[in-house]
Structures are given as C-alpha cells and as structure tokens.
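Each reported figure results from applying straightforward, stated rules to the coordinates on display, with no laboratory input. Everything quoted here is computed from the prediction, not taken from an experiment. With ideal geometry, Cβ positions are generated from the backbone for all residues, glycine too; neighbour counts draw on all protein chains shown.
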Amino acid sequence: MKALGIVTLLLVIVGGLNWGLYGLFGFDLVAAIFGAGAALSRIVYILVGLSALWQVGPLLRPSAARQYPPNLTAERRDAGRLMRPV
C-alpha cells in the first residue's frame, strides 16, 4: 500500500506540474511527450485523475497524529494526565 501511495502522489505531482505549465505557457507536457489526443496521453490523464482520488482518501481517514498537537507525544500526554489531581 505504501508503494501505491508514493506512485499516486508522484502522478498527482506530475499532473499539477502539467496544469501549471498549461496555465502559464499554454504548454501541455503530456501531449508533447505522448502526442495530443493519443491513447497513451488519455491513459496518463486518467491515471492522474484516479491518483488524485486515491490521495483524497488519507485526508478523510481519522489520524492519531491529528488528535493532539504534533509536538505532544503520547508519553508526554499520558504523563500530564497522570499528574493531574483527582
């Protein structure tokens, strides 16, 4: 699963860079490499879109790291809980 996450992240980055180039200069890098309207270009675009959907998943899942401030480790959090008066 970790490898799939890395591959999808790289594809999202490639897609973002391609959109940036297209927005700034009107240059479509994927079309320049694989040909405008080519089947391989369409496959790349589809993979980038699916990768973006895949990358949304971790944002929707609850994470233990988001429940506490990043600098507050579990040990420090539990130690603080033990030191409170009852």
If I stretch the segment between residue 56 and residue 36 completely, what's the gain in nm (0.36 nm per residue apart, minus their alpha carbon distance), one decimal? 4.4 nm
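Take each of the peptides 43-49, 21-27, average the number of other beta-carbon atoms within 10 Å over its residues, and list them starting from the highest. Write down the numbers at each step before the final one.
Values: 43-49: 15.1, 21-27: 10.6.
Going from most to least packed, we get 43-49, 21-27.
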Can you compute 3J(HN,Hα) from phi for each residue in the stretch 49-55, using the Karplus curve 6.51 cos²θ - 1.76 cosθ + 1.60 with θ = phi - 60°, rounded to whole Hz and x for Gly and Pro? x, 5, 5, 4, 4, 4, 6
